[in-house]
Amino acid sequence: MSEPSLAGLYADHLDTVKRHADAALQRGGHDQLVVPSGTLHYQVFDDRDYPYAVNPQFKHWLPVTRAPGSWLVYTPGQKPKLIFLQPRDYWHVVPQAPSGYWVDHFDIITIRTPDEAKQHLSATARAAILGEAQSALGNTFVPNNPADVVQYLEYHRGYKTAYEIAMMCEATRRGVRGHRAAERAFRAGASEFGIHLSYCQAAGQDALELPYQNIVALNEHGAVLHYTGLDRVPPKPYRSLLIDAGASHAGYACDITRTYSAQHDDFAAMIERVDAAQQAMCAQVRPGVDYRQIHLDAHLALSGVLKDFGVITVSPEEAVASGVSNAFFPHGIGHGIGLQVHDVAGFAESDRGGTLPKPDGHPYLRLTRPLAAGMVVTIEPGLYFIDMLLDELKAKGLERSVDWNAVERFKPYGGIRIEDDVACTNDAPINLTREVWKEIA
């Protein structure tokens, strides 16, 4: 995207962020917003720091993700101020001076030590300070994180600006390049670790830059929902790959999952069926649709796949009603995504708080809000062959609902998950993942 067009999108985005900040501050009786970027944390009994993660409230304002010890100060009606820590340091890479399409929108003050921020912070007694305490300032400017301000801002972060969609598309371009390289490595017989390295190389990001730890699961490891073992030696025989991996750009994330079979076999056919069902679910991402209903509909559709492949012996409707489907699809259909992979306020009833409940018997759904234009959600149905959950079916007296010979046939493949990031619009949904995939292919 060209710098001029990006500058225009960013200006509109910042106007929206300021408008939401004005409303949140007014609601809470505050007159200023102060947001620390976050600080470094060190491991106990060691001098090694944990990977730094920028405060999401900070990076919502500007694309600065690697400047611990910095501050954002906003007073309604005034130009936002960035207090930017650029230390003198010959041990580490120093953050580059701010530049680019966004800098003219801020008064920027560069400091060389974290405690210099005190000279430039004039937080009032009625300031809303959002984040965690910056260790260098001790008991000064300690965050109060007022609930009324945080609830309002997090709720409205659910609706993405055009700038945010553009940033997520850039993250998706990195992610799609990584996934295409990962499939090539899989087809060549690489190990989990080798596939992971191929992904990082193609995405141009290492493990600390990715928005979450890559899930690269060969064969039965695909039955572990958050598998991160990364075996160094490829298994024999070499059956399947489930890869759940994302990428980042300017503080925004993508989240993509694909599953492959090494052969043109029944498991490959099952992947195709799950993929087709997933696309139908993506088409449901429309304004006013209850996301919980997409989740419940997914259980019925996936039970239909299990029935057609002879894994269950009962009807899809009975599999859902009895809870059999939960053993094969134990997680939620997806979540909001944006500045955070699992974006905030997924259960918020309104910008004043409150909670929208999850459907009974479905504790792992991460989003219960009705969909609306501007929201971006993941759609990630899955089918897995997990011993623990299958044993629970037997313990509940539901073993006759399952063809255990079919289970044994598919169990060595682990499982299937297909995941796209989908933007809800006032028209047809936009599948960010598939659109970028086509563009790159």
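Name every residue in segment 90-111 that is outside any loop (DSSP other than H, G, I, E, B) and loosely packed, with under 12 Cβ neighbours inside 10 Å, in order of residue number.
Result: Asp104, single match.
Can we say Arg273 is outside any loop (DSSP other than H, G, I, E, B), within 20 Å of Gly332 (Cβ to Cβ), open to solvent by 10 Å² or more (accessible area, probe 1.4 Å) and charged (D, E, K, R)?
no
Do the conditions hold for Thr140, that is, is it assigned by the TED database to the domain that holds Gly222 and among the β-branched types (Val, Ile, Thr)?
no
For residues that are touching a Lys or Arg at 6+ places or on another chain (Cβ under 6 Å), buried (at least 22 other Cβ atoms within 10 Å of the Cβ) and without any contact (Cβ under 8 Å) to a residue 60 or more places away in the chain, tally how many sit in segment 186-220.
1
Can you confirm whether segment 279-294 contains a residue that is under 20 Å from Tyr413 (Cα atoms) and not small (Gly, Ala, Ser)?
no
Please go through segment 390-427 and pick out each residue that is within 30 Å of Val341 (Cα to Cα) and either β-branched (Val, Ile, Thr) or within 22 Å of the chain's Cα centre (by Cα) (or both).
Gly415, Ile416, Arg417, Ile418, Glu419, Asp420, Asp421, Val422, Ala423, Cys424, Thr425
Hey, can you tell me all the residues within segment 38-63 that are free of Cβ contacts under 8 Å to residues at least 40 places away in the same chain and either of a type in the set (Ser, Thr, Tyr) or open to solvent by less than 40 Å² (accessible area, probe 1.4 Å) (or both)?
Of everything in segment 38-63, those that are free of Cβ contacts under 8 Å to residues at least 40 places away in the same chain and either of a type in the set (Ser, Thr, Tyr) or open to solvent by less than 40 Å² (accessible area, probe 1.4 Å) (or both) turn out to be Tyr42, Tyr50, Tyr52.
Only residues in segment 112-127 that are within 25 Å of Tyr90 (Cα to Cα) and open to solvent by 60 Å² or more (accessible area, probe 1.4 Å) count as the first member; pair them with residues that are at pLDDT below 90 and among the small types (Gly, Ala, Ser), Cβ under 6 angstrom, at least 6 apart or cross-chain, and list the lot.
Here the result reads Asp115/Ala136, each pair linking segment 112-127 to a residue that is at pLDDT below 90 and among the small types (Gly, Ala, Ser).
Do we have Lys79 as part of a helix (DSSP H, G or I), at pLDDT 95 or above and closer than 18 Å to Tyr101 by Cβ here?
no
I'm trying to understand the selection: among the residues of segment 134-167, which are closer than 16 Å to Arg352 by Cα, out of contact with any Leu (no Cβ under 7 Å at 6 or more places or on another chain) and not in a loop (DSSP other than H, G, I, E, B)?
Those that are closer than 16 Å to Arg352 by Cα, out of contact with any Leu (no Cβ under 7 Å at 6 or more places or on another chain) and not in a loop (DSSP other than H, G, I, E, B): Ala147, Asp148, Gln151, Tyr152, Leu153, Glu154, Tyr155, His156.
Filter segment 276-297 for residues that are surrounded by 18 or more Cβ atoms within 10 Å (Cβ to Cβ) and outside any helix (DSSP H, G or I) and give the result.
Of everything in segment 276-297, those that are surrounded by 18 or more Cβ atoms within 10 Å (Cβ to Cβ) and outside any helix (DSSP H, G or I) turn out to be Gln284, Val285.
The values are calculated or read from the model by the stated rules, or taken from the named source; none is laboratory data. Source: prediction; values computed, not measured. Heads up, the Cβs are rebuilt from the backbone with ideal geometry, glycines too, and the neighbour counts pull from every protein chain shown. Please note that ligands, DNA and RNA were not included when accessible areas were found on the heavy atoms of the full protein model with its side chains. Shrake-Rupley method; radii C 1.70, N 1.55, O 1.52, S 1.80 Å.
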